[in-house]
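Notes for the one structure printed next.
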Amino acid sequence: MDRTKLKKSLEQEVGHYLGIPYFINSPKNPHQRLSVQVGKGNWQQIKKYTQKTASLSPQQLYNFLKKHGIGIDCSGLVYHLSDFLHQQLQHQSIRSKLIGSQGKKGPRRLSARLLTSPPNAIPISSKQIQTGDLIRSKNGHHVLMVIAKTTKKLKVVDSSRRGRGVKISFLPLPLPTTFSPHRLQVFTSLRSTLRT
């Protein structure tokens, strides 16, 4: 797959997440067992869970999701988008490749810090940044994914409370020192095989 098709494919996938509210992985109710109830569900799971709310306006749907604690946090979003990219490139899930807390696997065991730390990721320079790379911020408490890069800026996607959920934004290049770029280890060998 060439880089242009990969970027277009990722942007389409990101579009499904836009407007989903932020919800952090700290359930208040121990009965919350579903991934969508702890900020780790993908857009299909969230959509299926909320289908009973058909005919709501976008604002009403957003309010419903917030009220019922349904949404996605930054690491959940990055996990699902990375999984999407890995399936595009390798035709398999990334689930078994990423190591979470206590050595366990799966999105519920991952945080922004774990996604951007060894053995899951390696630091890279701003010059090396490509689509699908991660930007670590807030001392490892937040993670963004790069959608596209120009000579002067990065187009990124993230989910945050402050940003009212999933949104696309732009970061200047060179990156401010509070942001550090990382590449998931599973993508390091694949990057060289992508056609430009």
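Values in this text are rule-based calculations from the coordinates and carry no lab data. Values in this document were obtained by computation on a predicted structure and should not be read as measured data. Every residue, glycine among them, receives a Cβ derived from its backbone with ideal geometry; neighbour counts consider all protein chains shown.
Couple of notes before you dig in:
- Contact order normalised by residue count of segment 94-133, Cα under 8 Å, 6+ apart, percent: 28
- Taking HIS68, HIS141, HIS182 in turn, the Gaussian network model of the chain (Cα-Cα springs below 10 Å) assigns the largest fluctuation to HIS68.
- For a straight C-alpha distance cut-off of 18 angstrom, the lysines reachable from LYS67 (same-chain residues fewer than eight places away being disregarded) are LYS28, LYS40, LYS47, LYS48, LYS52.
- Footprinting exposure proxy for PHE187, PHE23, PHE64 (fewest neighbouring C-beta atoms within 10 Å first): PHE64, PHE187, PHE23
- Of all complete DSSP H helices in the chain, those with a Cα span along the helix axis of 18 Å or greater and a mean Kyte-Doolittle hydropathy of -1.0 or more are 74-90.
- Take every pair of alpha-carbon atoms less than 8 Å apart whose residues are at least six positions apart; their mean separation over the length of segment 3-191 yields a relative contact order of 22 percent.
- Footprinting exposure proxy for SER57, SER159, SER117 (fewest neighbouring C-beta atoms within 10 Å first): SER57, SER117, SER159
- Whether segment 100-196 is rounded, prolate or oblate, judged on the alpha carbon gyration tensor where a/c under 1.5 counts as rounded: oblate
- Only one of (i) 33, 17, 12; (ii) 27, 18, 17; (iii) 26, 24, 13 was calculated from the structure for semi-axes √(5λ) of the Cα gyration tensor in Å, and its label is (ii).
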